[in-house]
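The values are calculated or read from the model by the stated rules, or taken from the named source; none is laboratory data. These numbers come from a predicted model, not from an experiment. Note that we place each Cβ from the backbone using ideal geometry, even for glycine, and neighbour counts take in every protein chain shown. Just the protein is used for accessible areas: all its heavy atoms, side chains included, with ligands, DNA and RNA removed. Shrake-Rupley method; radii C 1.70, N 1.55, O 1.52, S 1.80 Å.
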Amino acid sequence: MAGKIVLIDGHSILNRAFYGLPDLTNAEGLHTNAVYGFLNIMFKILEEEKPEYLTVAFDVHAPTFRHNMYAEYKGTRKPMADELRQQVPIIKEVLHAMGIKTIEKAGLEADDLLGTISRRCEQEGMEVSVISGDRDLLQLATEHVKIRIPKTKQGKTEVEDYYAKDVKERYQVTPKEFIDLKALMGDTSDNIPGVPSIGEKTATKIITEYHSIENAYEHVEEVKPPRASKALKEHWDLAVMSKTLATIHVDADFAYSLEEARLGNIYTEEAYAYFQRLQFKNLLNRFDVTAPSNAVEDGFTEIRERKEADRIFAKAGKALAVGVCVFKNTKNVLPLFAGQAGPGGIGICFGRENVFCIYAENDITMDYLVERVKEVSESVQVFSMFDIKAAMSYLEIGGREHSFDALVAAYLLNPLKNDYTYEDVAREQLDLILEDKAEDYVKVCYEAYTAWASIEPLTAKLKEEQMWQLFTEIEMPLVFTLYDMEQNGVKVEAEALRSYGAQLGVKIVELEKEIYDTAGEEFNINSPKQLGVILFEKMGLKGGRKTKTGYSTAADVLEKLAPDYPIITKILEYRQLTKLKSTYADGLAAYINEDGRIHGRFNQTITATGRISSTEPNLQNIPIRMELGRLIRKVFVPEEGYVFVDADYSQIELRVLAHCSEDAQLIQAYKEAQDIHRLTASQVFHTPFEEVTDLQRRNAKAVNFGIVYGISSYGLSEDLSIDIKEAKQYIEQYFKTYPGIKSFLDDTVKHAKEMGYVVTLFGRRRPVPELKSSNFMQRSFGERVAMNAPIQGTAADIMKIAMCAVNNRLKENHMKSRLVLQVHDELLVETYHTEVEEVKQILKEEMEQAASLEVPLVVDMHTGENWYEAK
DNA sequence: AGGTTCACG
DNA sequence: ACGTACGTGAACCTA
């Protein structure tokens, strides 16, 4: 019976996958990286081999894995990582769901199962491939049994293949002799002691000469070198035991039905459900099933005539809810405009049977579509889209109050994801999968359908998780405020920016020369690698902290290392200048629009905590701490006839902490408008308030920051350059001073460990899966995240409320002034000269009243002719 | 593509 | 013993 079978060493491959991939978790907090990696390796093998049969073998008792085995031998066995152990039953269930045969037998190791099955199959005349991460299995290799060892190299899986001849080539011994080789040299990672003082080289020499340990023992007096001869005599028992340990049984006695191992369709509905639950997005594409439940595509229709479109919009206007999307004309529809990426039409859905792709062609113009969509958005009860802010570049939306952005909803439900596509939402909320090869109109209809159909499940989930108010009252209004801000943009003086950059350029060239002179050669200063060679090898500085790739050359390291080496000072200055030039001077210049303004993007669905992020360019990290960098802010200017009014919250995060912790002393201090850092210093350092030194205050400030970040004594000690012990004492004193904060932070972490997430004052959730990790570092990270997220997130909530309120007041009052930037705790308003007082009033009122806390929210304001002056 | 560095809150 | 402060984005280098 000819044919081909693939045998997989289950635990070994799972183990490989586990250590080869970063930690992944699904929404339930299950760890999935090993399962994911296993499946990837398996699919790759199956595609290459296309076998008729497949079996995965496991040990009955989850073994300690290779890296632990030495420890086990030494009697200090560590348990298998919990995250890995949890995944063993999962992979078995997944395999069963795919109809794949698994085998495990009490009293037999997986190795023996693999060995025996491969021998039996070979005898039937089959070709066998054994997949394992374990080189011990090489002893099974023959002319027809191939051992395949997957290696994960830089994210890619490569497989080393060994037939008998390949083993011989690589190790100079036959597969059978490989056992004897192992018996002599041992395998620290595999519980095989071997013979002391015999390593790989000696063992290879002995086995190539004598072919077995028994034969070598018979000629033990002739064995060279003498050291090995002596060792073999003395430790013959060890050698024998090692050989027993290393030998894989190929004649074990157990029942195995090849027919059960026959591969059928592994892409079953059951498997599909599993993959979905585990969130293996990439792997889902392998399934052919368009939609396990139904065929929504039957309701999809293409529209190219005005008459039909009229009819559809009339019906849509009466619907309770509609889903809409816009599409561009890039590739297909209108060849005339190909490449210009203007709008090509819309998708609209108001029921399963009413899903349309309407093209802007023939007698349908885009203006017509924009007008109809605007009307529909006003008349329906729920108007849903993905990424409304992006769509607003093409469409007008009338009914802002009842708009529903499914992108934003999906983000709130899980803010940890990297991206949120409508395909994701369709899959997660509707159990729908779109085929990659679907026609364009199908994709358009599908997006509109998903926008419509996901309203209900998303709403239900938001309500269930008590985020509905957050969604409707904070996030949805914010969509439009952010859109306004993007449209407004901020004016930047291109010429001033250019000359600033040119000045930097001159200084950079000078510095470059000086650095080359000092170093005695030219090199790329921006290359940490080359710089490391110069500093640590050529100049003999002793390296401090190390990174994955070598010595760290980060500024704080270099400063501590050699504060008064002139070359270090120059390098740091060079870094500073090149950063300013490339990222800010040249970088920003590239974004100035024809209208003289930069229209950056403000992203609502990026951060884990609820903050907004800023890209293309990032306008939230314009320099301010160093004077030279701060000067850049002079190029950010209001238009003629306007000034800037800048308003920022004073210590908003600490105030939020005071409120949330209900710490009596901190609340009182804020009510009395005391200097918090000075007060903290006075308490922590037992110094009368009036006598607190600048240094003490500075240190106390660092402690306050640390608390917000989820304090650790190590972090604080690094920041303040003090002993960890000393930092510990600071923290202890701090918690004695503010006991409410201590108990609040403890409670927060406790809640997070129980529930798996933390919550802001306004109900925003952040899952913290790291808390379940068995890895100390990861778990500690989870604890800090749990402490920080409610504080940072609440502050973000408050700012979002404030900025919408400010924006709305400016618009309601028909003012010329406009909101142009948000920088987490700061708003910048380009203010018409006659409106300055009113704008200040609005900013102060709306920001300070955005939330009513146990402590006052305080806003500082400045005006100026540019951003530099206004801060 | 991933790592390092550094700009901001 | 483990090796860090929380949250971002951009430029540059290295592979």
Accessible carbon and sulfur surface of chain A relative to its total accessible area, %, 1.4 Å:
49
For A:K542, go through the lysines and keep the ones whose alpha-carbon is under 23 Å away, minus same-chain ones fewer than eight residues off.
A:K529, A:K560, A:K570
Computed over chain A: longest principal axis from alpha-carbon atoms vs helix A:236-246 long axis, angle to nearest 10 degrees, is 60
Extending each Cα 7 Å along its Cβ direction at A:M755 and A:E837, get the distance between those two points in nm, one decimal.
4.7
Figure the gain on full extension for A:K546 and A:E848 (residue separation times 0.36 nm, minus the Cα-Cα span) and round it to one decimal in nm.
104.2 nm
Starting from the Cα of A:D746, step 7 Å toward the Cβ, then list every residue of region A:692-727 with an amide N under 14 Å from that point.
none
For region A:371-412, give the magnitude of the charge dipole about the Cα centre (Cβ charges: +1 Lys/Arg, -1 Asp/Glu; no others), in debye to the nearest 20.
80
Distance in nm between label sites at A:K315 and A:D595, each 7 Å beyond Cα in the beta-carbon direction?
3.9
Show that you can apply the helix-only estimate: for chain A, add -39,500 (n - 2.57) for every DSSP H stretch of four or more residues, divide by all residues, and state [θ] at 222 nm to the nearest 500.
-14500 deg cm²/dmol
Charge-dipole axis of chain A as Lys and Arg at +1 and Asp and Glu at -1 on Cβ define it, positive-most pick from A:M799, A:A870, A:M787:
A:M787
Would you kindly compute the Cα radius of gyration of chain A and its largest Cα-Cα separation (Dmax), both in Å?
33.6, 106
In chain A, what percentage of the DSSP-assigned beta bridges are antiparallel, given to the nearest 5?
65
Dividing the mean separation of Cα pairs under 8 Å (6+ apart) by the residue count of region A:290-464 yields a relative contact order in percent of 28
Which value, in debye to the nearest 20, gives the size of the charge dipole of chain A about its Cα centre, when Lys and Arg are +1 and Asp and Glu are -1 at the Cβ?
1540
Which of the peptides A:265-275, A:176-186, A:842-852 is most tightly packed, and how do the rest follow, going by the mean number of other Cβ atoms within 10 Å of each residue?
A:176-186, A:842-852, A:265-275
Past the 21 angstrom mark, what percentage of all C-alpha to C-alpha distances in region A:173-249 do you count?
12
HN-Hα couplings for region A:659-669 via Karplus (6.51, -1.76, 1.60; θ = phi - 60°), in whole Hz with x for Gly/Pro, come out as 5, 5, 7, 6, 5, 4, 5, 5, 5, 4, 4
Give me the extension gain from A:S774 to A:T365: residue separation times 0.36 nm, minus the current Cα-Cα distance, reported in nm with one decimal.
141.3 nm
To the nearest Å², the heavy-atom accessible area per residue of region A:173-249 with 1.4 Å probe amounts to 49
Put +1 on the Cβ of each Lys and Arg and -1 on the Cβ of each Asp and Glu in chain A; which of A:Y565, A:A231, A:Q487 then has its Cα farthest toward the positive end of the dipole?
A:A231
Using only Cα atoms, tell me the angle between helix A:200-210 and the longest principal axis of chain A; keep it within 0 to 90° and round to the nearest 10.
30
Lys/Arg +1, Asp/Glu -1 at C-beta; chain A dipole; positive extreme among A:S257, A:N285, A:G710:
A:G710
Distance between modelled label sites at A:L695 and A:N26, nm, 7 Å Cα→Cβ extension:
5.6
